[in-house]
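Structure first, then comments.
The values are calculated or read from the model by the stated rules, or taken from the named source; none is laboratory data. The structure presented is a predicted model; accordingly, all values stated were derived computationally and were not measured. A quick note on method: Cβ atoms are made from the backbone with ideal geometry, for glycine too, and the neighbour counts reach across all protein chains shown.
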């Protein structure tokens, strides 16, 4: 099967790749672009470990084809920090011990960063429902929710 | 902890328990934090190698079938295909558990469950491998199957494998019953005769999956000279090394195994599934092979828990004294021996001081995947049955749930239900803390009920090797062999820093590969902070002895005249001489000239693990129209012995509670009449999501374990033991119906409510 040529932007960098029409965006990110921050936990859009943003919209990259990335702006966990500076969410997740094994962390960070950009003052319930598509099996979510709420408060204070 | 490994832990720390700390008990940032929040951490599937192929496993669609023929000729002719392996490509003549593992890793002449591996293929891309796997033609002859534990014990059940039973099984049992356990003391019948109330019930729990978010993944590279490298996500890479070597017929030391970052395990990654297959494919193709399971494969072919059918009978006097307790636990552990029924039997009544007690366990085979350890294997189910009966007794006799448990509680010096005399334990302290917690007396809203339950897990020591090497600048490199599954590198660094008197940041902890340290047992049995922690402390003390020796030589005084204070060697008293403190950095700088590298070691099998008890309080709200249960408030009280990094101890408490909530309310393996698993995905096997749960409050009780220098007990597993019963008891209080079967899904609750309405 002939491969498709795709030009897209990932974390602000212009990238080009060839992919099989059946390859997902997640396959392309991990296997062709070597961006292994997004994880495959299920391949069916149920776990959220592969969460990325596509033109600012939160997506499971396992549910989108690589070929569909043409002309889009993709954001992954690798693009959350700016140079040496971690995003406030990243700092707070470490401080709050909001991760144990850390496999779901990239997807959760992408998802909550996207939430706070849309809604800087979410309620606990809003955070919980926004994250309902991101499975974490280690933490029981308690410390994750606290880290997000506290980051949101800090960012509002700083703004 | 493997089944045959538990023995009463008798060892103790050489010195008195330390109680004053500078670093231990604080909450520093974990050393792998930045890697984990930036996507830089490398998990099982994140490795690549030059020339790497991708493997796919072909699996049986039948629950039980003879394999007549495997035709891979069409697949092998396809573009990009480099190797196909079947059982013929593995070692022959294996015995015991190695044979069982090989039979599970790759079927012999019979497929024993839906999802059983029968062949594997390696090709140049994941898509090429997937296409080629579909072209492998396997001819089966279907056989009768059984997946239910009670049916598998019935006289007419199909035999999974004749001759699998060991000598413990009483005569006349079905061949699917492969192991038997009986323990207890006193006279239960006499005890029941003394009781004012006796309650007996049958309880059932379905199999649940560990549900780690990272599927099993590995990258194997085995050369034709029998030398190999393996990268994999595992809870124990020395175990992987040993088993892969046996299954492939190579020498253990020729295979070096490196543990990746691990994306959850909960016991499920103590077993070996795909690693020997990747190595066999690699050997045949003479190229590195990466194998990554799909989520569906995880559900169908890796270890879920055992499912159970349990009969529990308990007698109580009006004053709350338990007079006798008897339980029969039947556990189905898939198509191989190993369901952890001894643990179920030993854990169920462990919280109670019983004069008359009897517990019986059956290990039963069926056409399901080989069960694997899942967080306190066997214990949560027992607690569900026993703690439900205790709750019912208290309700019918009008007794307080906590006071009654306190009245009967196991404590230091009482005889355990399975034999030994309890050493210092913290059950009473947990119950007292639960009673004093505001949650226990908080008002409830309409439709809500409150439940409590106790839980117990042994904890474990196990073979452990640690090395602590001093760098020339006075910082240290700590090599441990237990994969870090929830922040343990932080706790290890804290303990090393505490002993050496240096900043936490000056310790770098690494999970070493199998070529670097001696054998380390897997990260299981809540053993890591206990055993690797003890080993780290001892390795640091060994280092301190060596540092003091260098100072003594420099000062020209006796080694015994030097002590270690706050990161410096100092003369131990005014008689020892008048020398300025010699800091670790100075000794390190000159170590090449003063005797060479300074490295501390510890290699042993510590036997002082301390058991851990917990008490959970939960408020649940049941919707009578839909049968939907919501957990509205949750409090975990558990004995940690000593919390090294309290944030990660709380995390273990919260995570165990959340998994227990899933087990109680949603999670179950659903098999069809055809013996195939019907819900092999996270959509239909629903684990708790953020919007399902409340905040989970925690209380860390610290009753020091005398077997650890700082009193650590290990905290990973006990937290999953109480939730099943605590929620069942809360549902009973909220809706007036007692569920005897898990999960308490809406249809089951509705059926129970309907039945109640009929009465």
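Would you please name the residue that is farthest from the chain's Cα centre (by Cα), looking only at residues in the range A:18-33 that are under 22 Å from residue A:113 (Cβ atoms) and without any contact (Cβ under 8 Å) to a residue 40 or more places away in the chain?
That would be A:33.
Quick check: anything in the range B:671-681 part of a strand (DSSP E or B) and either modelled with pLDDT under 95 or over 14 Å from residue B:616 (Cα atoms) (or both)?
The initial filter retains those residues of the range B:671-681 that are part of a strand (DSSP E or B), namely B:671, B:677.
Remaining after also requiring either modelled with pLDDT under 95 or over 14 Å from residue B:616 (Cα atoms) (or both): B:671, B:677.
For the range B:671-681, residues part of a strand (DSSP E or B) and either modelled with pLDDT under 95 or over 14 Å from residue B:616 (Cα atoms) (or both): present.
Give the number of residues within the range B:682-713 that are outside any loop (DSSP other than H, G, I, E, B) and surrounded by fewer than 18 Cβ atoms within 10 Å (Cβ to Cβ). Show your work before the answer.
Going through the range B:682-713, the residues outside any loop (DSSP other than H, G, I, E, B) turn out to be B:690-692, B:696-701.
Cutting the leftovers down to surrounded by fewer than 18 Cβ atoms within 10 Å (Cβ to Cβ) gives us B:691.
Going through the range B:682-713 one residue at a time, the tally reaches 1.
Residues to consider are B:295, B:287; find the one that is at pLDDT 95 or above and under 22 Å from residue A:50 (Cα atoms).
Details: B:287 fails: under 22 Å from residue A:50 (Cα atoms).
Going through B:295, B:287 in turn, just one is at pLDDT 95 or above and under 22 Å from residue A:50 (Cα atoms): B:295.
Scan the range B:620-630 and tell me whether some residue there is within 14 Å of chain A (Cβ to nearest Cβ) and surrounded by 24 or more Cβ atoms within 10 Å (Cβ to Cβ). If you could, list the steps in order and put the result at the bottom.
Taking the range B:620-630 as the starting set, the residues that turn out to be within 14 Å of chain A (Cβ to nearest Cβ) are B:630.
When the remaining residues are screened for being surrounded by 24 or more Cβ atoms within 10 Å (Cβ to Cβ), the result is none.
Scanning the range B:620-630, I find no residue that is within 14 Å of chain A (Cβ to nearest Cβ) and surrounded by 24 or more Cβ atoms within 10 Å (Cβ to Cβ), so the answer is no.
Would you confirm, using the coordinates I've provided, whether residue B:534 is buried (at least 24 other Cβ atoms within 10 Å of the Cβ) and more than 30 Å from the chain's Cα centre (by Cα)?
Values: buried (at least 24 other Cβ atoms within 10 Å of the Cβ): yes; more than 30 Å from the chain's Cα centre (by Cα): no.
When the stated conditions are applied, residue B:534 does not pass them.
Is there a residue being without any contact (Cβ under 8 Å) to a residue 60 or more places away in the chain and either crowded, with 24+ Cβ neighbours inside 10 Å or in contact with a strand residue (DSSP E or B) (Cβ under 8 Å, 6 or more places away or on another chain) (or both) anywhere in the range B:317-326?
The answer is no; no qualifying residue exists.
Table: residues versus (1) more than 12 Å from chain B (Cβ to nearest Cβ); (2) outside any helix (DSSP H, G or I).
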site: A:91; (1), (2): no, no
site: A:113; (1), (2): no, no
site: A:132; (1), (2): no, no
site: A:138; (1), (2): no, yes
site: A:146; (1), (2): no, no
site: A:154; (1), (2): yes, no
site: A:157; (1), (2): yes, no
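Take residues that are within 14 Å of chain B (Cβ to nearest Cβ), modelled with pLDDT of 95 or more and more than 20 Å from residue B:37 (Cα to Cα) and tell me which of the strands (runs of 3 or more DSSP E) falling wholly in the range A:1-88 contain 2 or more. Give the steps one after another, and end with the answer.
Values: elements: A:4-10, A:13-19, A:51-54, A:57-60, A:73-75.
Output list reads A:13-19.
In the range B:501-510, is there at least one residue being under 29 Å from the mean Cα position of the chain (by Cα), assigned to a helix (DSSP H, G or I) and farther than 30 Å from residue B:731 by Cβ?
Keep residues of the range B:501-510 that are under 29 Å from the mean Cα position of the chain (by Cα), which gives B:504, B:507-510.
Those left that are additionally assigned to a helix (DSSP H, G or I): B:504.
Checking the rest, the ones that are also farther than 30 Å from residue B:731 by Cβ come to B:504.
Taking every residue of the range B:501-510 in turn, at least one turns out to be under 29 Å from the mean Cα position of the chain (by Cα), assigned to a helix (DSSP H, G or I) and farther than 30 Å from residue B:731 by Cβ.
Go through the range B:189-222 and give me each residue that's under 30 Å from residue B:273 (Cβ atoms), away from chain A (no Cβ under 14 Å) and either touching a helix residue (DSSP H, G or I) at 6+ places or on another chain (Cβ under 8 Å) or at pLDDT below 95 (or both). Explain how you work it out, then say what you get.
Initial filter on the range B:189-222 (under 30 Å from residue B:273 (Cβ atoms)): B:204-222.
Still in the list and also away from chain A (no Cβ under 14 Å): B:204-207, B:218, B:220-222.
If the condition is that a residue be under 30 Å from residue B:273 (Cβ atoms), away from chain A (no Cβ under 14 Å) and either touching a helix residue (DSSP H, G or I) at 6+ places or on another chain (Cβ under 8 Å) or at pLDDT below 95 (or both), then B:205, B:218, B:220, B:221, B:222 are the ones that fit.
Filter the range B:650-697 down to the residues that are in contact (Cβ under 8 Å) with a residue 24 or more places away in the chain, within 8 Å of chain A (Cβ to nearest Cβ) and over 19 Å from residue B:723 (Cα atoms) and list them by number.
Selection gives B:681, B:682.
Can you confirm whether the range B:301-310 contains a residue that is assigned to a helix (DSSP H, G or I), more than 30 Å from residue B:329 (Cα to Cα) and in contact (Cβ under 8 Å) with a residue 24 or more places away in the chain? I'd like the intermediate steps shown before the answer.
The first filter runs over the range B:301-310 and keeps only residues assigned to a helix (DSSP H, G or I), leaving B:301.
Now restrict to residues that are more than 30 Å from residue B:329 (Cα to Cα): none.
For the range B:301-310, residues assigned to a helix (DSSP H, G or I), more than 30 Å from residue B:329 (Cα to Cα) and in contact (Cβ under 8 Å) with a residue 24 or more places away in the chain: absent.
Restricting to the range B:223-242, name every residue that is surrounded by 21 or more Cβ atoms within 10 Å (Cβ to Cβ) and away from chain A (no Cβ under 14 Å).
First pass over the range B:223-242, keeping only residues surrounded by 21 or more Cβ atoms within 10 Å (Cβ to Cβ): B:228, B:230-241.
Once the filter is applied, which keeps residues that are surrounded by 21 or more Cβ atoms within 10 Å (Cβ to Cβ) and away from chain A (no Cβ under 14 Å), the range B:223-242 yields B:228, B:230, B:232, B:236, B:237, B:238, B:239, B:240, B:241.
If a residue counts only when it is within 14 Å of chain A (Cβ to nearest Cβ) and surrounded by fewer than 19 Cβ atoms within 10 Å (Cβ to Cβ), which helices (runs of 4 or more DSSP H) contained entirely in the range B:25-143 have at least 2 such residues?
On the way: elements: B:33-38, B:73-76, B:96-105, B:126-134.
Correct list: B:33-38, B:126-134.
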